[in-house]
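First the structure, in the form of structure tokens, and then the observations on it.
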Amino acid sequence: MILQHGGDYQHYLKKLSVTHIIASNLTNSKLQEFRSYKVVRPEWITESVQAQQMLPWQNYRLVPRATTQRELLFSRDKETSIPEKITGESLNADVLANDWARQVSTANPTFIKRYYETSRLHYLSTWKEELKDIVDKLEQKYKSDANSLSRKNSSAAHNRIVMHVDFDCFFASVGIKDRPHLSSLPVAVSHSKTVSETSSSDIASCNYVARSFGIHNGMTIGMAKGLCPTLQVIPYEFDKYKSISKKFYEILFQYADEMQAVSVDEALLEVRSHITQPKDDACAQKEEQEALATAIRDAIRQETGCEASIGVGPNILLARMSTKRAKPAGQYVCNSKQDIEDLLASQNVTDLPGVGYAIGDKLKELNVTLVSDLRKKPLYELQAKLGAKMGQTLYNFSRGIDDRPLITNQPRQSVSAEVNWGVRFENEENERGFVEGLAKEVAERLQKHNVKGKNITVKILKRKDDATQAAKHLGHGRVDAFTKSCALGNFTDDAALINKHVYSMLRSFQFSSADIRGLGIHVSKLDNQERLSSDQETLNFKSRNEIDAQQRQPSIEKGDLSRQASKEIMEVDPFVYNELPHSVQKELEATYNLKFKKLLATNDEPKKIPEQPAISTLPELPPWSQLDPLSLLALPNEMRDQILKTYGTKEGDTLLKTPQDTPTIQKSRAPASLHTKTPRLSSAKVGGGSNRSRTITQMFQPSASPSSRSNVSSSSVTNNNETPTTRTSRFQYVFQGQEEENGDDGDLPYDAEVWKELPQDMKDELLEEHRRLKRVKIEQKVQKEHSVSRESAQRIDLHPYRTKEPSLQGVTDIKEVRSLLREWVASYKESPEAEDVATITNYLIELVYHADLEKVRLVIAYLMYLVRDFDSSSWKLCTGQIHETVSEMVKSVYGCPLCI
DNA sequence: ATCCTCCCCTAC
DNA sequence: TAAGGTAGGGGAGGAT
């Protein structure tokens, strides 16, 4: 209708060419973004057409969604039928009648500042950030050191030694250190000054004497008093904690190849390079690790006067579990299979890191309480219950497997501030003031960390309708949580701007201010993120140019464009310009050297289609990729022909003014809606069971460079002078063979009927595009499988159904499989590569699903035979692990273990 | 398939 | 009386 009545239609908002925006609904952020545009409902068009004249747009303004939304009306009558309705207003009035409560709640204008000065959790978070910074800086310093390479490399090696160091009841220990007379008494750290039964103050930390009474962290003083009337309460001493923590980190850094700040009293260390004993001498290694732990504990005791416990293990999980075992004031080294068993099997699942109440409950629904129960569950069951990632993680954890590296130098992703205590608003003005203060707080934090963000999220805790006075004094009580976010056009750290958005989002919920029990502001999408892709708005041209100058396509560089744009002359249609909002006009004037066109000389297009009765000029066409063939078919014949011809004669994207002699369609993707809903013509499956075998391509590569996980793929890619996405290996034929077979286009994903209607040249384009897409897909799949196999050794395909026989490296015959294994073991005398172990495990698992247990048995037996008289324990450990995993698998699928 | 929003969960 | 913050991983489900 727009076109037929002389209008023009743009698919994307371009400030220079859009006069009105048609929408029946818009998100909050779009409403904000378009607030200076003429945003009208579609009725403006239809009714104008009907009236045969352009009606005033003002009458068709799109009103904000919030106000068009119908309100859920809870009848007042029903409410009053509840005998004593509890309202936020009455509850707040009750609490705020008390003068003291007024002082410490939002009723006090200086509340936010005072609150953050006393919140232990706030300190915990702040310290963690500071310590991360310190560790990063120290790391930087060491990097310039000559020694740094060896330090770094050793931690990336496969045989990790991870150390977890953790103070025993940190806050309590620090307090007791300066109050020796309390050392043998039950002690707790809390805000509470008196130990009364009614105190709802939390215990932040308590010593082991107190714990012997059943007292634990997080318990209220009131409850603790019930358990132990003689409990000694000491106050927080935040400054002390911080200074002791500093000493702690200074000590640790001397022993760490790499360090992750976990918290003020806790850190993770890679200490491989500090262990000199050979890997295969487990006994000597254990002794050395014990000695190292003792030395570190001694140093900490001497410097800080407090006890720390240390756990050592081959990964983070086992190090942490070891610390648990070590406490208090002890250490534990886990370096044998038996140790792993001792640490895990009998533990409660909630003792695993990352398993709290919620996940513990979900596991309980699966009848899983102990880690040993967890181990009996097949992967798919865990994933179905907990999600793909969590299921996999716990499946691995239960077996002592944990691939996670230490996290260091991670750029911050968000900044936030929230307060969920003491929030009691007497009126809306009160609420507004608080939001303003919180926005200011967030803005200051952004500024402090030198970042800006373009996404703002507000989080609200609203008292449940039936919630009475909170159990904790001025606590939030029983609440529901709500969040809403908005995307900004620009990065910001401006308090007023943040406040404006937050307040408007908050109001959109239409909650009574008296019901609000907590508020938070989160800012994300920060401007400190690494620019990895050319899509990003800022680019580090130097480094990128250096890295991939050769791979660079002669395509457009967005960055280049925008850089030059500031000097460019911009041709503007005066008609369009006059319709633009004033702010946009100004912006254009500021940015460009504007030059007004004479008049509607749309003859930019060299090839104009002459015979057009219906429409004289074509509107700017959407990119080819956006074209919906079904809609195309629905158009009047002439119009469709014209559109198709236009695509055939020029670039789909008219922004690219490069003249094209040959009618090609670049950068096009198959429109999604073309995907058939009827069965495909034929689906020629190629490659068969060899798909997975591609993950093995690294298997026989020399292990010269201590191939850290991250550089494996890159090293295999940059070898030789091949295209980046193909693999350098003697097994390359697997990949290339597939690619060639793709000449078969039988599996085109298009509806046969639609296809038939398309003109031949369009068919040709689509065919070519289809082939290209297919190639890309295969390449991506190869890469993905690599990353997957790197992620976890126990990845199991969730789709057991296999028509093709599983293969290792494209090979299925047991003799050939054996010779592959022989070759593999021979080429890695020292210890196996994790990726290869994963590949073989995967192969075996597929065999299990393929019900070829005999072959499973043969392969494992042969592996064991190959490593039978190896000195290296890692080979034996590894084959043992493969055996165990597969056996577990067999058990979960068939109900009985595998007998070799 | 990938992204985005609105959550939930966890750790200290 | 009391100071239930914060960042990041991740999932569900919808939009693109």
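The values are calculated or read from the model by the stated rules, or taken from the named source; none is laboratory data. These figures come from a predicted structure and were not determined experimentally. Backbone-built Cβ (ideal geometry, glycine too); neighbour counts: all protein chains shown. For the accessible areas, the whole protein counts, side chains as well, though only heavy atoms, and no ligand, DNA or RNA atoms are used. Shrake-Rupley method; radii C 1.70, N 1.55, O 1.52, S 1.80 Å.
Structure values in brief
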{"quantity": "Count - residues of the range A:293-330 that are polar (S, T, N, Q) and within 15 Å of DNA strand B (Cβ to nearest atom)", "calculated": "3"}
{"quantity": "Residues within the range A:370-390 that are near DNA strand C (Cβ under 7 Å from one of its atoms) and surrounded by fewer than 19 Cβ atoms within 10 Å (Cβ to Cβ), tallied", "calculated": "4"}
{"quantity": "Condition met for A:Lys193 (touching a residue at least 40 places away in the same chain (Cβ under 8 Å), open to solvent by 30 Å² or more (accessible area, probe 1.4 Å), in a helix (DSSP H, G or I) and not β-branched (Val, Ile, Thr))", "calculated": "no"}
{"quantity": "The range A:85-100 residues that are closer than 16 Å to A:Arg478 by Cα and without any contact (Cβ under 8 Å) to a residue 40 or more places away in the chain, paired with ones that are within 14 Å of DNA strand C (Cβ to nearest atom) and not in a helix (DSSP H, G or I) (beta carbon under 6 Å, 6 or more apart)", "calculated": "none"}
{"quantity": "Residue match in the range A:397-415 (condition: near DNA strand C (Cβ under 10 Å from one of its atoms), crowded, with 17+ Cβ neighbours inside 10 Å and among the aromatic types (Phe, Trp, Tyr))", "calculated": "no"}
{"quantity": "Which listed residue, of A:Leu773, A:Leu820, A:Leu847, A:Leu798, is under 17 Å from A:Thr885 (Cβ atoms), aliphatic (A, V, I, L, M) and either modelled with pLDDT of 50 or more or assigned to a helix (DSSP H, G or I) (or both)", "calculated": "A:Leu847"}
{"quantity": "Output for the range A:886-900, where each listed residue is surrounded by fewer than 19 Cβ atoms within 10 Å (Cβ to Cβ), part of a loop (DSSP other than H, G, I, E, B) and not small (Gly, Ala, Ser)", "calculated": "A:Cys896, A:Pro897, A:Cys899, A:Ile900"}
{"quantity": "Residue in the range A:164-182 that is surrounded by fewer than 24 Cβ atoms within 10 Å (Cβ to Cβ), in a loop (DSSP other than H, G, I, E, B), within 16 Å of DNA strand B (Cβ to nearest atom) and not β-branched (Val, Ile, Thr) present", "calculated": "yes"}
{"quantity": "A:Asp351, sole failed condition from (1) crowded, with 20+ Cβ neighbours inside 10 Å; (2) away from DNA strand C (no atom under 12 Å from the Cβ)", "calculated": "(1)"}
{"quantity": "Boolean, A:Leu131 is at pLDDT below 95, outside the structural domain of A:Pro353 (by TED's automatic domain parsing) and among the hydrophobic types (A, V, I, L, M, F, W, C)", "calculated": "no"}
{"quantity": "Filter result for A:Ala284 (more than 16 Å from DNA strand C (Cβ to nearest atom), of a type in the set (A, V, I, L, M, F, W, C), under 32 Å from the mean Cα position of the chain (by Cα) and under 25 Å from A:Thr879 (Cβ atoms))", "calculated": "no"}
{"quantity": "Residue selected from the range A:100-134 under the condition of a type in the set (A, V, I, L, M) and either in contact with an Asp or Glu (Cβ under 9 Å, 6 or more places away or on another chain) or away from DNA strand B (no atom under 16 Å from the Cβ) (or both), by the criterion nearest to A:Lys440 (Cα to Cα)", "calculated": "A:Ile112"}
{"quantity": "The range A:267-282 residues that are part of a helix (DSSP H, G or I), paired with ones that are open to solvent by 30 Å² or more (accessible area, probe 1.4 Å) and of a type in the set (A, V, I, L, M, F, W, C) (beta carbon under 8 Å, 6 or more apart)", "calculated": "A:Arg272/A:Ala157"}
{"quantity": "In the range A:470-500, the residues that are within 12 Å of DNA strand C (Cβ to nearest atom) and either free of Cβ contacts under 8 Å to residues at least 40 places away in the same chain or surrounded by 15 or more Cβ atoms within 10 Å (Cβ to Cβ) (or both)", "calculated": "A:Ala470, A:His473, A:Leu474, A:Gly475, A:His476, A:Gly477, A:Arg478, A:Val479, A:Ala481, A:Thr483, A:Ser485"}
{"quantity": "Condition check for A:Ile340: in a helix (DSSP H, G or I), of a type in the set (Val, Ile, Thr), closer than 20 Å to A:Cys878 by Cβ and open to solvent by less than 40 Å² (accessible area, probe 1.4 Å)", "calculated": "yes"}
{"quantity": "Residue check, A:Asp257 crowded, with 16+ Cβ neighbours inside 10 Å and at pLDDT below 95", "calculated": "yes"}
{"quantity": "Filter result for the condition that a residue is of a type in the set (A, V, I, L, M, F, W, C), out of contact with any Pro (no Cβ under 7 Å at 6 or more places or on another chain), at pLDDT 75 or above and surrounded by 14 or more Cβ atoms within 10 Å (Cβ to Cβ), over A:Val18, A:Val39", "calculated": "A:Val39"}
{"quantity": "All positions within the range A:822-851 that are under 15 Å from A:Leu898 (Cα atoms) and hydrophobic (A, V, I, L, M, F, W, C)", "calculated": "A:Leu844, A:Ile845, A:Leu847, A:Val848, A:Ala851"}
{"quantity": "Given (1) more than 11 Å from DNA strand C (Cβ to nearest atom); (2) surrounded by fewer than 23 Cβ atoms within 10 Å (Cβ to Cβ); (3) free of Cβ contacts under 8 Å to residues at least 40 places away in the same chain, index of the condition A:Ser199 fails", "calculated": "(1)"}
{"quantity": "Residue in the range A:204-226 that is over 33 Å from the mean Cα position of the chain (by Cα), open to solvent by less than 30 Å² (accessible area, probe 1.4 Å) and either within 16 Å of DNA strand B (Cβ to nearest atom) or of a type in the set (Ser, Thr, Tyr) (or both) present", "calculated": "yes"}
